[in-house]
Structures are given as C-alpha cells and as structure tokens.
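Only one structure is covered here, and it is reproduced in the block below.
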Ligand SMILES: [Zn+2]
C-alpha cells in the first residue's frame with residue numbers, strides 16, 4: 001500500500017551517497033545538488049514533496065527521529081510511507097520535531113519549532129522545505145541573466161565570498177528567509193533549512209548571513 | 001556475508017552520526033554529543049575519527065590516512081587496512097588523489113581542494129577542560145562566550161616564558177564565535193584551518209563528541225595585540241627535498257649523534273623529490 005512512495009534501491013550505498021550530497025549542501029550553503037532518488041507519487045498540492053526531500057528523509061530518518069508534517073503536505077499515505085520506510089515517529093508538536101516537512105507557501109514564522117538551547121544548540125528542528133524554484137548564481141544563471149528579483153545573498157561559513165540563492169518570491173518565501181535571517185541574532189540557537197525542488201536540493205544552516213539581493217538587481221535594471 | 005556492515009558500523013549508528021554531523025556543520029566549532037559505538041581498536045587509536053570516516057565513506061571514495069604526517073606508521077597503516085577490509089575502498093598516499101583524508105596530528109602541506117574532507121582524530125575535544133573539569137560548566141562557558149580564562153592561560157605563558165609556549169592543540173576561534181581545540185596539530189598548521197576549501201570534521205571517540213569547520217570559514221588563533229600568533233620556524237630546510245616552508249621533524253641518522261631535519265609530511269616530501277629528480 002506504500003508502494004507509491006518508493007524506497008531506495010540500495011539502502012546502504014544510496015543512503016551514503018545522498019547523505020554526502022546533503023552534507024555538501026549544508027557545508028556550502030546555497031549550492032544546488034541534483035539527487036538521484038526514485039520519484040515520489042503525484043500529489044494534489046504545490047509545491048510537491050519531491051525526490052530530493054524524499055531522499056533526504058529516507059537517508060536521515062529512523063526510529064530515533066521525529067517528524068512534523070505541515071498541513072498542506074500531510075496525508076495518511078505520507079504518514080504511512082514515512083513510518084513504513086523509516087520507522088520515524090510522526091509528531092504534531094513542532095517543538096519536539098527533529099525534522100519538519102513543509103512548503104514555502106504555508107510557512108508560518110510563529111510555528112514553535114525547536115531552536116536548541118545555548119548549551120545544546122544542536123537540539124533544534126531541521127526544516128525540509130518544498131519550494132517551486134531553486135537556483136543560484138553559479139548554476140547556469142549568471143546574475144545578469146536571472147529574470148527574478150527574488151534572490152537572497154548568502155555569506156558566512158561555507159561561502160568564499162557570497163552566493164545568491166533564489167527560492168522564489170512569494171510571501172511565504174519572504175517570511176521564511178526573514179525567519180532564517182533572524183538566526184544570526186539568536187545564534188547559536190536557530191533553525192537549519194534544507195530546500196527541495198524536484199530532485200534538486202540546497203541548504204541554509206543557521207550560520208549563514210542572509211541579505212536581500214534585490215538592491216543590486218534593481219540598480220542594474222534601473223541603469 | 002562478511003559478518004559486518006559496509007564500513008563496519010550499522011546503518012542506524014551511521015545515521016545518528018550523520019545527523020550529528022549536519023548539526024556540527026551548521027554550528028561551526030560547536031561540539032555535538034553523539035552516541036558513539038565501540039570500535040575494534042582501543043581508544044587512542046583514533047576511534048572518533050574512524051567512526052566519522054565510516055559514516056561518510058562511500059564505495060567510490062579514495063581514502064588516505066596519515067599519522068603525524070606519515071602514511072606508513074602503525075596507526076595509519078592499521079586504519080587504512082581496516083577500511084580496505086570493511087569497505088573495500090581504494091586507498092592512496094597522495095593528498096591530491098584522496099577524497100577523504102583521516103589524520104592524526106597534522107594537516108597536509110599540499111593545499112586541499114573543494115570537495116575533499118579532512119577527518120581529524122581528537123583525543124580531548126574540550127579546549128576549556130584543563131581549566132574546568134566539569135562538562136556542565138564548560139558547556140555554560142561556551143554558551144556565555146566566557147573565554148577570558150583561555151586568554152589568561154596563554155598570557156601566563158608570556159609572563160613565564162616571554163612568549164606563548166603552547167605549540168600543539170593551539171586554541172582557535174571559529175567564525176568569531178566558538179573557541180575550539182583543533183586537535184594536537186602543531187600550531188604551524190593553524191593557518192591552514194582558516195578559509196580552507198575542504199570540509200574539516202573532528203571526532204573524539206572516548207568523549208563522544210564531534211565538531212566541524214565548513215569550507216571557507218574564518219578561523220583565528222587566539223593571541224594578543226602585543227604578542228601576535230606566530231608559527232614555528234626552522235633554521236634548516238628539509239634535508240631530503242629542500243623545502244623551507246614545511247613542518248620539519250628532527251630524525252637521528254646514526255648512533256654517533258648525527259641528525260637531520262626532514263618534512264613530517266611524507267607524501268609532500270616524496271612528491272617534491274620526484275619533481276626535482
Ligand atoms: Zn622534504
């Protein structure tokens with residue numbers, strides 16, 4: 001009955017390969033990684049919970065982890081699939097979730113995810129966010145050619161100078177990026193985010209400084 | 001079946017370490033506790049580093065293992081053989097050819113590149129431990145950024161010796177926040193921690209702590225305005241390759257007291273000799 005939510009072909013080696021890509025994404029914020037994962041089934045909502053986030057879930061979750069699912073992604077089939085494939089516990093309490101599955105569209109900054117404590121900042125929720133757009137300024141889109149003005153300029157650990165990541169420009173995207181930008185003020189407490197768009201994945205850990213990239217794009221267009 | 005999983009560790013342990021590694025990368029320099037496993041080698045043989053390597057290693061990775069810069073010491077050879085046996089991975093002594101490098105007490109002289117991962121074996125992960133034995137207290141000190149004692153310790157050196165006497169495990173501050181023990185590397189290697197394109201992971205087996213420095217992260221060695229941080233320097237060049245900017249070991253050459261200085265990084269030294277020849 002969970003056949004529509006696929007397992008990894010080779011649990012040991014596929015998990016390792018996917019983990020290394022997630023580690024690469026977290027180590028170099030804003031880099032976009034293409035994950036090879038069996039495609040999840042059709043879903044009614046947009047954005048979809050795509051292959052990249054499904055692969056991250058399969059490689060990272062087990063019976064020691066708890067997952068919170070945002071209302072727009074939640075379904076009995078997904079709950080069953082996660083339990084069946086990973087053994088993870090589904091929780092309705094965001095503050096006790098190791099991972100939270102959500103979409104940019106419905107991100108609510110008031111949701112009380114765990115941000116860790118000052119003595120144990122690692123005990124926080126990792127957000128897994130489905131987005132409809134995931135591009136950066138080195139993935140075939142030069143800054144001048146980017147049509148959107150929705151990029152965010154990232155800097156800090158994992159980034160040599162700066163990198164622009166574009167996750168879309170909806171109100172939810174802006175609320176989410178504003179919340180992640182707020183990590184700097186609460187550091188070392190904070191939220192770490194992994195974004196998935198189809199098979200593509202990128203991350204913004206709490207150590208990243210986030211500024212709007214709009215100013216530069218606007219000035220280019222005005223000139 | 002060989003009776004053990006790929007890379008020895010069971011999948012649940014690997015996942016637990018992998019989740020901890022993601023948090024370590026997200027909070028550079030912060031020590032993440034992890035539920036370490038017993039490994040088929042004694043503490044002091046790099047069980048922390050071995051567990052991290054086992055959790056990240058893939059069948060296609062090429063592995064290098066060094067101990068004090070050398071690929072051929074007992075410790076390095078036994079860890080290399082361990083991973084050849086339990087993971088079937090290809091190994092190398094060439095820094096440039098390696099995807100994953102596990103190390104005890106050195107950072108290779110050859111600059112690392114983006115995509116490489118350097119795994120450090122750490123005996124004592126807590127840089128404040130010698131000041132404060134209580135884990136609860138050191139956690140609080142990190143939380144409050146109470147690092148004054150660290151400077152006091154270094155300044156006592158200056159008062160006593162006229163310079164900072166700490167030459168190994170010289171404390172650093174990562175991304176302007178956490179004070180971190182870089183493991184017992186010589187302070188000569190500290191500048192290589194700063195802005196390195198490689199990902200650096202640190203594993204302490206006995207204390208079950210892991211921490212990380214992401215690529216391109218600002219790492220400063222603690223110092224004082226009137227006593228800036230300095231690395232070791234030698235009056236000699238390497239007797240074998242002539243390098244005048246590598247970390248040198250003094251070796252006894254005969255029983256009449258003859259001695260010479262040679263590179264501690266054997267791959268670096270041999271590569272240079274090959275290029276010169
Ligand atoms: Zn030499």
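Within region B:152-175, restricting attention to residues that are at pLDDT 90 or above and surrounded by fewer than 13 Cβ atoms within 10 Å (Cβ to Cβ), the residue that is farthest from residue A:157 (Cα to Cα) is B:152. Residue B:166 falls short on exactly one of the conditions (1) part of a loop (DSSP other than H, G, I, E, B); (2) without any contact (Cβ under 8 Å) to a residue 12 or more places away in the chain, and that condition is (2). The residues of region B:23-35 that are closer than 18 Å to residue A:63 by Cα and surrounded by fewer than 24 Cβ atoms within 10 Å (Cβ to Cβ) amount to a single one, B:35.
Check whether at least one residue in region B:195-217 is away from the ligand (no atom under 16 Å from the Cβ), free of Cβ contacts under 8 Å to residues at least 24 places away in the same chain and not assigned by TED's automatic domain parsing to the domain that holds residue B:130, and report yes or no.
Of the residues in region B:195-217, the ones away from the ligand (no atom under 16 Å from the Cβ) are B:195-217.
Next, only the ones that are free of Cβ contacts under 8 Å to residues at least 24 places away in the same chain stay: B:216.
This time we only want the ones that are not assigned by TED's automatic domain parsing to the domain that holds residue B:130, so: none.
No: region B:195-217 contains no residue that is away from the ligand (no atom under 16 Å from the Cβ), free of Cβ contacts under 8 Å to residues at least 24 places away in the same chain and not assigned by TED's automatic domain parsing to the domain that holds residue B:130.
What's the number of the condition residue B:14 fails, among (1) touching a strand residue (DSSP E or B) at 6+ places or on another chain (Cβ under 8 Å); (2) crowded, with 24+ Cβ neighbours inside 10 Å? The one condition residue B:14 does not meet is (1). One residue stands out among those in region B:227-274 that are surrounded by 14 or more Cβ atoms within 10 Å (Cβ to Cβ) and in a strand (DSSP E or B): the one that is nearest to the ligand (Cβ to nearest atom), which is B:263.
Only one of B:135, B:156, B:109 is without any contact (Cβ under 8 Å) to a residue 12 or more places away in the chain and either in contact with a strand residue (DSSP E or B) (Cβ under 8 Å, 6 or more places away or on another chain) or within 14 Å of chain A (Cβ to nearest Cβ) (or both). Can you tell me which?
Only one candidate passes the filter, namely B:135.
The values are calculated or read from the model by the stated rules, or taken from the named source; none is laboratory data. Model, not experiment: these values are computed from the prediction. Neighbour counts are summed over all protein chains in view; Cβ atoms, including those assigned to glycine, are modelled from backbone coordinates with ideal geometry.
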